[in-house]
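Quick note: the coordinates plus some simple rules give every number you see, no bench work behind them. All of these numbers come straight from a predicted model, not from anything done at the bench. Positions of Cβ are generated from backbone atoms using ideal geometry, with glycine treated the same way; all protein chains shown enter the neighbour counts.
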Amino acid sequence: MTAADSAPVAPIGVNHIVLNVRSIEESHQFWTEIVGLRFVGKFRQRPGRKMWFYSGMGPDGLHHHDLALVENPNLPVPPAGWQMWDSPMAINHIAIAYPSREAWLRQLAYLQGKGVKFDRRIDHGMTHSLYLHDPNGYGVELVYELPRDVWEGDIDAALNFAEVRPHEGAELLVDRTDVPVFGTQSRPSN
Ligand SMILES: [Fe+2]
C-alpha cells in the first residue's frame, strides 16, 4: 500500500476531448478534411448511438485518440459566426497542434486553397495561431508551438502577448520569425 500524497499528482496534460455534435457525418468531414485528424475507430457497444474517434500523428505514431465525437441531433443550432469573448457555446475553442512552423504554413495554404474562411489569426507568445470554427460553433485554433526557451522564462507574459495578423489573402502565409522572448531583457521593442 502506498502512502497518500499530501497534494494531487500533476498530470502531464489533456489526454482527449469528447464533443457533442449535431451530425456526426458533418463533423467527421470537418475534423478529417479540414483539420486533418485521422479517423481511428467507432464505439460499437451502444447500438443506435454514434461515437467516433480521431487522432493526430505524433512523433511516435498515432495516438489512440485525441478527439471523439458523440452525435446528438437535439443540440441547439449554433450561432452563424464565432467569437472569442461572447460565444454562447460551452466550449470556447480547442487548440490543435501541427508539428512545425513549416507544417502549419502548409496547412494554412491548404485550407486557403479549399476556400475555408477563418475567424482570426493571432501571434501569441507561445504559439502562432489561426482560428476557425467547426459546424457546431466550437472554436478551433490551429497552432504551431514556439520553442520552449521563447516562453518558459515568463509564461504569464507570453500568455498575455497577442498580435493580430491578417487572416486573408497572400498575407495569411507571411509568418513572423523574429518572435519576442519572455522573461529576458532581449525582448524586441516592436
Ligand atoms: Fe487558445
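Each of Phe161, Trp104, Ile91 was placed along the dipole of the chain (beta-carbon charges, centred on the mean Cα), and the one lying farthest toward the positive end is Ile91. So if the hydrodynamic radius of the chain is defined as the Kirkwood radius over C-alpha pairs, what does Stokes-Einstein give as its diffusion coefficient at 25 °C and 0.890 mPa s, in µm² per second? For the chosen part, D equals 132 µm²/s. As a rough guide to protection, the peptides 63-76, 11-24, 136-149 ranked by mean Cβ packing within 10 Å, highest first, stand as 136-149, 63-76, 11-24. For the chain, a crude dipole built from +1 on the beta carbon of Lys and Arg and -1 on the beta carbon of Asp and Glu, taken about the Cα centre, is about 760 debye to the nearest 20.
On the basis of the beta-carbon distance and an R0 of 35 Å, Ala103 and Ala7 show a calculated FRET efficiency of 0.40. Here the spin labels are modelled as points 7 Å beyond Cα on the Cα-Cβ line, and at Lys42 and Asp149 they lie 5.0 nm apart.
Taken along its three principal axes, the alpha carbon spread of the stretch 12-74 comes to 37, 25, 19 Å, from the longest extent down to the shortest. Shape annotation for the stretch 37-118: C-alpha extents along the principal axes are 42, 37, 23 Å, from largest to smallest.
Beyond 19 Å, how much of the Cα-Cα pair distribution for the stretch 86-190 remains, as a whole percent? Every Cα pair in the stretch 86-190 considered, those over 19 Å come to 45 percent. Qualifying chymotrypsin sites (Phe, Trp or Tyr not before Pro) in the stretch 33-65, where qualification requires a DSSP coil assignment and no more than 16 other C-beta atoms within 10 Å, comprise Phe43.
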